[in-house]
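The values are calculated or read from the model by the stated rules, or taken from the named source; none is laboratory data. For clarity, every value in this text was computed on a predicted model and none was experimentally measured. Quick reminder, even Gly has a Cβ in these numbers, built from the backbone with ideal geometry, and neighbours come from all protein chains shown. Ligands, DNA and RNA are stripped out before the accessible areas are found, and what is left, the full protein with its side chains, is counted by its heavy atoms. Shrake-Rupley method; radii C 1.70, N 1.55, O 1.52, S 1.80 Å.
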Amino acid sequence: MATMTSLIGLINKIQRACTVLGDHGGEGLSLWEALPSVAVVGGQSSGKSSVLESVVGRDFLPRGSGIVTRRPLVLQLHKTDDGQQDYAEFLHAPRKRYTDFAAVRKEISDETDRITGKSKAISNIPIQLSIYSPNVVNLTLIDLPGLTKVAVEGQSESIVQDIENMVRSYVDKPNCIILAISPANQDIATSDAIKIAKEVDPSGDRTFGVLTKLDLMDKGTNAVEVLEGKHYRLQHPWVGIVNRSQADINKNVDMIVARKKEREYFETSPEYGHLAHKMGAEYLAKLLSEHLEVVIRQRIPSIIALINKTIDELNAELDRIGRPIAVDSGAQLYTILEMCRAFDKVFKEHIDGGRPGGDKIYGVFDNQLPAALKKLPFDRHLSIKNVQRVVTEADGYQPHLIAPEQGYRRLIEGCLGYFKGPADASVDAVHLVLKELVRKAIAATEELKRFPTLKNEIATAANDSLERFREESRKTVTRLVDMESSYLTVEFFRKIHLEPEANQKESRNTPNPNLDNFSDNHLRKIGSNVNAYINMVCDTLKNSIPKAVVYCQVREAKRSLLNRFYVQVGRKEKEQLGAMLDEDPALMEKRTQLAKRLELYKQARDDIDSVAWK
């Protein structure tokens with residue numbers, strides 16, 4: 001029994017630690033829920049409070065009419081060595097020890113009002129109370145608001161359903177033992193506690209029935225058939241309780257004395273004398289404790305499995321958000337470089353594929369650039385009127401004799417100048433795509449989420465590099481256009497003038513008195529020749545501009561996006577490195593809580609292992 005008593009005390013300790021860390025709910029089954037406990041369920045004025053006080057051996061619960069228990073009370077009993085003074089501790093006041101249990105009653109009332117106000121409203125936020133005494137057994141009891149059938153003045157219309165929902169949220173759990181309190185002076189068929197217990201525990205494996213107020217039954221009646229399990233059978237024996245009378249309460253009769261009077265009542269009762277050995281609050285506490293020991297023993301494998309599963313999940317989550325950073329400059333520099341490499345990897349995945357976005361660069365070259373080139377105003381520049389103006393201005397006072405070479409050159413140079421617009425637009429369009437990929441990569445790099453300052457500095461450094469790459473790319477594509485202007489392809493024009501001999505003879509033998517060098521046909525021919533040359537250059541630039549942009553911007557972004565940042569980081573002092581690694585306070589708090597929960601689960605596993613198999 002000593003080992004099992006130690007195990008129950010350990011479970012109480014773990015449950016309390018879970019509560020401190022808020023690990024008693026949420027998605028899935030929490031450790032708190034996996035550990036067995038006893039929920040006290042009953043209708044209003046069924047004697048729930050008296051039963052609890054009898055089990056504890058102390059008068060400590062608020063009393064009154066209507067709804068007195070308006071928040072769940074998680075009551076953990078810790079058996080201490082004989083001779084030690086009884087005391088109580090509240091979780092919300094951990095440094096304060098209560099030895100006056102009247103003060104405990106007042107604190108429960110005050111703490112209830114703190115959440116619900118001085119109204120008749122209820123709250124599902126539990127009050128956590130631990131009582132240490134040599135006169136108790138190790139046990140966790142949850143006192144729930146009394147079930148009711150109607151709302152009274154000052155209560156919302158939903159109060160009946162709200163209380164039932166709260167009770168169900170506890171008793172639905174498969175590890176919850178249900179202590180169903182029913183007054184003996186009412187028909188058991190109308191018991192609110194039995195009704196809800198039957199619904200959530202139809203087999204009765206988790207339900208213990210308690211009959212209160214046996215001494216208040218009408219003369220000539222008794223509850224023997226219920227207590228013997230003949231009227232309503234449960235898997236576990238019914239227990240009868242004789243509460244303190246109102247006169248005893250008013251006189252502040254000691255609970256130890258009340259327990260003695262209860263024993264005497266059953267031992268001397270002609271109806272219940274044969275059941276006296278398994279009646280009363282002391283027997284109930286022992287019965288629950290022994291059953292809890294058995295349940296805990298049965299559940300140890302599943303509890304350990306849950307603990308191990310949760311430990312793995314907590315470790316994975318800590319790995320995801322990042323472990324704490326060491327304080328030395330070497331470790332800080334290493335962390336920063338690791339963050340940079342993680343970002344760089346994601347950025348390259350966006351460019352090369354695997355992540356979306358890089359395809360937009362191809363869209364610039366395959367759609368935007370050709371569309372821009374098609375819209376260039378070559379038709380206007382090579383109109384007959386403009387060709388005549390340019391050629392005439394180029395000849396000066398002496399008309400050209402064979403071909404208007406200077407006119408050709410000026411017309412070509414004028415056309416080539418238009419290419420600078422689409423070339424610059426391609427540079428800018430790719431720059432915008434790369435900036436967007438930097439933004440996406442920053443957001444997608446999980447490791448950076450914990451370091452907002454470092455994230456901003458990497459983003460700034462990456463965008464500064466993109467600006468440099470854009471300027472270099474702009475210079476390069478401008479050079480490509482200027483190169484086309486600086487040296488024309490002579491062979492193209494030589495081929496134009498090598499017309500077939502037959503065409504030349506036909507031209508000489510056909511008289512046309514109106515034909516001269518400035519005829520429309522001649523000017524149209526000049527414009528056509530220039531247009532053909534511009535189309536040839538256009539095809540060249542359509543291929544060379546993307547090559548230059550990729551070489552100067554995309555290739556450099558993949559190769560050296562953060563090179564300058566690496567150099568700057570390497571020159572920083574320890575304090576500056578630390579400033580870059582200032583984490584999001586919310587993330588730091590989350591890591592702290594995860595670490596505490598991880599430590600709790602590891603300690604719980606070790607503690608259970610240390611006592612469970614002895």
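Just a few scattered comments:
- D100 being more than 21 Å from V55 (Cα to Cα), of a type in the set (D, E) and surrounded by fewer than 16 Cβ atoms within 10 Å (Cβ to Cβ): no
- The condition of being at pLDDT 80 or above and open to solvent by 60 Å² or more (accessible area, probe 1.4 Å) holds for only one of D607, D582, that being D582.
- Residue identified as in contact (Cβ under 8 Å) with a residue 60 or more places away in the chain, in contact with an Asp or Glu (Cβ under 9 Å, 6 or more places away or on another chain) and either within 30 Å of K596 (Cβ to Cβ) or not assigned by the TED database to the domain that holds G204 (or both) among I304, I296: I304
- S544 being among the hydroxyl-bearing types (S, T, Y) and at pLDDT below 85: no
- The stretch 470-494: number of residues that are modelled with pLDDT of 90 or more and out of contact with any Leu (no Cβ under 8 Å at 6 or more places or on another chain): 10
- Residues of the stretch 543-568 satisfying the condition of being over 32 Å from the mean Cα position of the chain (by Cα) and aliphatic (A, V, I, L, M): I545, A548, V549, V550, V554, A557, V567
- The C-beta contact set for the stretch 558-574 (first residue more than 15 Å from K345 (Cα to Cα) and in the same structural domain as F343 (by the TED database), second residue of a type in the set (K, R) and loosely packed, with under 12 Cβ neighbours inside 10 Å, distance under 9 angstrom, 6+ apart or interchain) is empty.
- Check on T335, farther than 28 Å from R555 by Cβ, part of a helix (DSSP H, G or I) and within 46 Å of the chain's Cα centre (by Cα): yes
- Residues considered: D110, D143. Of these, the only one that is open to solvent by 50 Å² or more (accessible area, probe 1.4 Å) and modelled with pLDDT of 85 or more is D110.
- Which listed residue, of A305, A331, is over 30 Å from L75 (Cβ atoms), aliphatic (A, V, I, L, M) and exposed (fewer than 15 other Cβ atoms within 10 Å of the Cβ): A331
- Taking helices (runs of 4 or more DSSP H) as the structural unit, those lying wholly within the stretch 161-269 and holding at least 3 residues that are assigned by the TED database to the domain that holds P126, out of contact with any strand residue (DSSP E or B) (no Cβ under 6 Å at 6 or more places or on another chain) and surrounded by fewer than 15 Cβ atoms within 10 Å (Cβ to Cβ) correspond to 246-250, 255-268.
- Residues of the stretch 316-327 that turn out to be open to solvent by 40 Å² or more (accessible area, probe 1.4 Å) and part of a helix (DSSP H, G or I), as a count: 4
- E573 vs. criteria charged (D, E, K, R) and exposed (fewer than 13 other Cβ atoms within 10 Å of the Cβ): yes
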